[in-house]
1. So for the stretch 19-37 (the condition being assigned to a helix (DSSP H, G or I), in contact (Cβ under 8 Å) with a residue 24 or more places away in the chain and among the small types (Gly, Ala, Ser)), does at least one residue qualify?
2. Can you name the condition, by its number, that residue 67 falls short on among (1) of a type outside the set (D, E, K, R); (2) surrounded by 17 or more Cβ atoms within 10 Å (Cβ to Cβ); (3) without any contact (Cβ under 8 Å) to a residue 60 or more places away in the chain?
3. What do you reckon, is residue 9 closer than 21 Å to residue 97 by Cα and among the charged types (D, E, K, R)?
4. Within the stretch 77-106, track down each residue that is within 23 Å of residue 12 (Cα to Cα) and among the aliphatic types (A, V, I, L, M).
5. Right, residue 56: more than 20 Å from residue 17 (Cα to Cα), of a type outside the set (A, V, I, L, M) and assigned to a helix (DSSP H, G or I) or not?
6. Tally up the residues in the stretch 128-151 that are more than 17 Å from residue 25 (Cβ to Cβ) and either part of a loop (DSSP other than H, G, I, E, B) or open to solvent by 20 Å² or more (accessible area, probe 1.4 Å) (or both), please.
7. Could you check how many residues of the stretch 25-34 are small (Gly, Ala, Ser) and either at negative phi or within 8 Å of the chain's Cα centre (by Cα) (or both)?
8. What number of residues within the stretch 23-39 are surrounded by 21 or more Cβ atoms within 10 Å (Cβ to Cβ) and either aromatic (Phe, Trp, Tyr) or out of contact with any Asp or Glu (no Cβ under 7 Å at 6 or more places or on another chain) (or both)?
Amino acid sequence: MRRRIRGGRRQPLARACGLGRIDSLRILDATAGYGRDAFVLAALGAKVMLSERLPPLADALVAAHAQALDDPAICAVAARMTVSAGDSRALMQQTQPPFDVIYLDPMYAPPGQKALAKAPMEALRHLTDGDPDARELAQLAWEHTGRRVVIKRSPKAPTLLDRKPSFILKSNRVRYDVYVRS
């Protein structure tokens, strides 16, 4: 986490979300998982709402957020985060004004990979059952974003929306498909 935060706003995730271009950027991490990406975004100055629909993960995020608020070393970062247990679709539809950025990191199976991922990622993959509604969630995000939708994918995975991304940021292990509203 420290390495990713030290990468600052020049790292692919921060650039994909538009950090540095907009003051007080409001981001919805609609598939929060363990909350790692959201923590990085909050550490870089964004206000982040984490939404997780799986009850065990949501409960763990709520508990971790409460602990972080009590930790003097990271309480300032945690103060820029809010955790919502439940399906992010309702948040997308009800929040006015809409979030500047909706970030999606749906679970995907790396194509052709035979080795298992690290244990925490395999546990998450098992719990999510591969996020079969990822396309529907991406479409809803596009309909309800204020500025952009960022979708994290494996480098060779197909896009989730039926439109061409505005731009793509790639690294060795992930790709960020960025859809910008005009």
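The values are calculated or read from the model by the stated rules, or taken from the named source; none is laboratory data. Just so it is clear, the model here is predicted, and its values are computed rather than measured. Ideal geometry is used to build each Cβ from the backbone, glycine not excepted, and the neighbour counts take in all protein chains shown. With ligands, DNA and RNA removed, areas are computed over all heavy atoms of the protein, side chains included. Shrake-Rupley method; radii C 1.70, N 1.55, O 1.52, S 1.80 Å.
1. no
2. Going through (1) of a type outside the set (D, E, K, R); (2) surrounded by 17 or more Cβ atoms within 10 Å (Cβ to Cβ); (3) without any contact (Cβ under 8 Å) to a residue 60 or more places away in the chain one by one, residue 67 breaks only (2).
3. no
4. Passing the criteria: 77, 78, 81, 101, 102, 104.
5. For residue 56, the condition - more than 20 Å from residue 17 (Cα to Cα), of a type outside the set (A, V, I, L, M) and assigned to a helix (DSSP H, G or I) - is met.
6. Qualifying residue count, the stretch 128-151: 12.
7. Selection size over the stretch 25-34: 2.
8. Residues meeting the conditions: 4.
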